[in-house]
Amino acid sequence: MTPGSKRLDHIHAARGFAALAVVVQHACQVAQEGGTPLFRPMLDSVNLGRFGVLIFFMISGFVVPFSFGKQRPLRNFMISRLFRLYPAYWVSLPLLTLVAVHIGLPHDPLTVLANVTMLQWFAGIANIGPGYWTLACELMFYAMCAGLFALRLLSCPALIGSAVLCALAGAVAPMIIDTDDPRVPLDLSFYFAMFFIGLLLRLAFVDRSRAALWWTAALVPLIMATGVVVGGAIVPVASNEGAYFSPLALSVSMALPVLVFVVLLWRKPAPGPISMYLGTISYSVYLFQDLALRFLPDVIAPGRYPLAYVPAVIALTVAIAAAVYRWVEAPTIALGRRLTHAPAATATAEPGQPPHG
């Protein structure tokens, strides 16, 4: 590993912790629904799934510029994203279709076929995987980045900072303008603020842009305040109707990630090999968690044995993810690099893998 790549090891390792946060949230929810109140205080205080997702979104914004190489950058960017995201996703699709059948929520063939594209959200078609909608967000962000790169604006602090401001304004707009379109998550604009603040933080911490640093100093507190507002801490929002999105839990999970990410960039903690490996397999951890979450209750009753069920979910999910990374992700990522004639890069230069909670 090169000295330059080591500078981003802490970012890579953060992926693993973000993915595990999503898994822990969902496992605790299953245990709660099984009849145990053991995790209720945590579930009422913070939604670790949403927290993990926002960390991932910021990581995507932070590292995506690394994927634009010097030769045929846009073509190679599209190829790298295709081979990075789709193969493991396609493997997860039939398995999560079986999960849906197992829990009594089967999908029709048209829905399954639409999900093959990863674009089903845009057509208002149901996601077979509960977290698939975040992949649509990632694709939208990648398209925006490609456009900005083509216009040579991807490294413009004023433009990126203005995009954050516009996204934050859009995040509070649904509190004023009512919308009942089920295809549009009311927090969608806030998510794009997180993507773009990741871009801005990269300009500040990696490129050492003074303008980006000033923008960051102004926007981080504003993002946190907006997270508290759209989380329902001041005025209840529609999202608070979710069982695990109380005003406190949602507000904390919307406001805290950006502070944690800034501290991570500032302190640069040195991760160990386990943390680095979890970061490497984090995409598959996110994609395949539902296999453990939904099939393990047939073996371990979540309500009766929550302290066994939650660790078992984590262990089985990590084992499945390790196998998928070894046999699917690693070979297809290498194939993508060969097609783009890119040298073997460290995992720290790969854009973020998206989970959701």
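Only a single item in (1) aliphatic (A, V, I, L, M); (2) open to solvent by 10 Å² or more (accessible area, probe 1.4 Å); (3) in contact with an Asp or Glu (Cβ under 9 Å, 6 or more places away or on another chain) is not met by L119, and it is number (3).
All told, L199 falls short of being open to solvent by less than 60 Å² (accessible area, probe 1.4 Å), in contact with a His (Cβ under 9 Å, 6 or more places away or on another chain) and of a type outside the set (D, E).
Going through (1) closer than 28 Å to E33 by Cα; (2) among the hydroxyl-bearing types (S, T, Y); (3) at pLDDT 95 or above one by one, S239 falls short only on (3). From the list L74, L20, the lone residue that is open to solvent by 20 Å² or more (accessible area, probe 1.4 Å), in contact with a helix residue (DSSP H, G or I) (Cβ under 7 Å, 6 or more places away or on another chain) and under 27 Å from A167 (Cα atoms) is L74. Cβ-Cβ distances below 6 Å connect the following pairs, each with a first residue in the stretch 134-146 that is assigned to a helix (DSSP H, G or I), a second residue that is open to solvent by 10 Å² or more (accessible area, probe 1.4 Å) and hydrophobic (A, V, I, L, M, F, W, C), and a separation of six or more residues or different chains: A136/W121; A146/L74.
Residue by residue, here is whether (1) more than 25 Å from W133 (Cα to Cα); (2) in a helix (DSSP H, G or I); (3) in contact with a Gly (Cβ under 8 Å, 6 or more places away or on another chain); (4) touching a residue at least 24 places away in the same chain (Cβ under 8 Å) holds:
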site	(1), (2), (3), (4)
P221	yes, yes, no, no
M224	no, yes, no, yes
P269	yes, no, no, yes
L291	no, yes, no, yes
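Restricting the stretch 147-161 to residues that are aliphatic (A, V, I, L, M) and touching a residue at least 40 places away in the same chain (Cβ under 8 Å), the residue that is farthest from A114 (Cα to Cα) is A158.
Considering (1) open to solvent by less than 40 Å² (accessible area, probe 1.4 Å); (2) outside any loop (DSSP other than H, G, I, E, B); (3) touching a helix residue (DSSP H, G or I) at 6+ places or on another chain (Cβ under 7 Å); (4) more than 28 Å from L219 (Cα to Cα), the lone condition that G69 does not fulfil carries the number (2). Looking across the stretch 119-131, the residues that are without any contact (Cβ under 8 Å) to a residue 60 or more places away in the chain and under 17 Å from W90 (Cβ atoms) come down to L119, Q120, I125, N127, I128. For the stretch 283-312, filtered to residues that are of a type in the set (S, T, Y) and over 21 Å from the mean Cα position of the chain (by Cα), the residue that is surrounded by the most Cβ atoms within 10 Å (Cβ to Cβ) is Y309. Check whether at least one residue in the stretch 230-240 is free of Cβ contacts under 8 Å to residues at least 60 places away in the same chain, more than 26 Å from Y325 (Cβ to Cβ) and crowded, with 24+ Cβ neighbours inside 10 Å, and report yes or no. Taking every residue of the stretch 230-240 in turn, at least one turns out to be free of Cβ contacts under 8 Å to residues at least 60 places away in the same chain, more than 26 Å from Y325 (Cβ to Cβ) and crowded, with 24+ Cβ neighbours inside 10 Å. Is there a residue being at pLDDT 95 or above, of a type in the set (S, T, N, Q) and open to solvent by 30 Å² or more (accessible area, probe 1.4 Å) anywhere in the stretch 122-132? Yes; the residues of the stretch 122-132 include at least one that is at pLDDT 95 or above, of a type in the set (S, T, N, Q) and open to solvent by 30 Å² or more (accessible area, probe 1.4 Å).
Yes/no matrix, rows are residues, columns are (1) part of a helix (DSSP H, G or I); (2) under 13 Å from L54 (Cβ atoms); (3) touching a Pro at 6+ places or on another chain (Cβ under 7 Å):
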| residue | (1), (2), (3) |
| --- | --- |
| A211 | yes, no, yes |
| G227 | yes, yes, no |
| L248 | yes, no, no |
| S253 | yes, yes, no |
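Checked against (1) under 20 Å from T134 (Cβ atoms); (2) β-branched (V, I, T); (3) buried (at least 22 other Cβ atoms within 10 Å of the Cβ), V260 meets all criteria but (3).
The values are calculated or read from the model by the stated rules, or taken from the named source; none is laboratory data. Since this is a predicted model, take the numbers as computed values, not measurements. Note: ideal-geometry Cβ built from the backbone for every residue, glycine included; neighbour counts use all protein chains shown. The area values use the complete protein model at the heavy-atom level, side chains included, leaving out ligands, DNA and RNA. Shrake-Rupley method; radii C 1.70, N 1.55, O 1.52, S 1.80 Å.
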